[in-house]
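What follows is one structure encoded as structure tokens, with my remarks underneath.
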Amino acid sequence: MADAPLHFVVMVGSLRKGSYNAAIARALPGLAPEGVTVSPLSSIGQFPLYDYDVQQETGIPPAVAAMGDAIRAADGVIFVTPEYNHSIPGGLKNAIDWLSRLPNQPFAGKPVAIQSASPSLFGGLRAQLHLRHVFVFLDARPLNKPEVIIPHVNQKIDASGELTDQATRGFLADQLKAFAAFVRPL
């Protein structure tokens, strides 16, 4: 149905308390088009470091299983992440590694949108490229355009942690609208 309600979940790639990317993620519900809801996933910081021996000895951690269920139930996943050392933050990669070990792997066939923000000039572009590479293997369906790459994010978030830059808010709203169209059946 072209106007069916949609629900997206958001995974934040930063563990930092005052994360700019978490501020971007908090802005998304208010920017979503009509008929689309957006809610956060729990923190990826709850996941232990992935270790196959731990998986074999104690099984999948409850936080991983719960997030996998939330991703499967959602119509799409939005990743909002910084870039660390020209790549994906370790915590985000760890979360993806754990989630990929679940039965009925939750990213297979799942629409995903990627957003990145950084105080640097490149806005997390390289992290996005590496995430796209991971999603090829996981058989996810990434939205290609419009891209959301937010450089100098530290100048676009106020002291209270709110995204105040109107141009950035517009880019985010445009991507959410495009993501909804991408996800909805024809």
* With the dipole of segment 52-186 worked out from charges on the C-beta (+1 for Lys and Arg, -1 for Asp and Glu) around the Cα centre, which of L143, A66, G161 lies farthest toward the positive end? -> L143
* Given DSSP loops and a limit of at most 14 other Cβ atoms within 10 Å, what is the longest stretch of the chain that contains no such GluC sites (Glu not before Pro)? -> 35-161
* Asked: Counting Lys and Arg as +1 and Asp and Glu as -1, each charge on the Cβ, what is the dipole of the chain about the Cα centre in debye, to the nearest 20?
  -> 260
* Asked: Which three semi-axes in whole Å describe the equivalent ellipsoid of segment 11-51, each the square root of 5 times a Cα gyration tensor eigenvalue, listed largest first?
  -> 24, 13, 6
* Using all C-alpha to C-alpha distances in the chain, build P(r) with 10 Å bins and read off the rounded percent in each one. => 10, 39, 37, 13, 2
* Can you give the Rg to Rh ratio for segment 53-124, taking only C-alpha atoms and Rh from Kirkwood? -> 1.03
* Asked: Can you sort F179, F137, F122 so the residue with the fewest Cβ neighbours within 10 Å comes first?
  -> F137, F122, F179
* **When segment 1-101 is reduced to its Cα atoms, the Kirkwood hydrodynamic radius in Å** => 14.6
* Asked: Based on the Cα atoms of segment 116-176, what semi-axes does the equivalent ellipsoid have, where each is the square root of 5 times one gyration tensor eigenvalue, given in whole Å with the largest first?
  -> 24, 13, 9
* For V112, residues with placed amide H under 5 Å, excluding near neighbours -> V77, R141, L143
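Taken together, the values in this text are just the output of simple stated rules run on the coordinates, not laboratory data. In this text, all values refer to a predicted model and were calculated from it rather than measured experimentally. All Cβ positions, glycine included, derive from the backbone under ideal geometry; neighbour counts span all protein chains shown.
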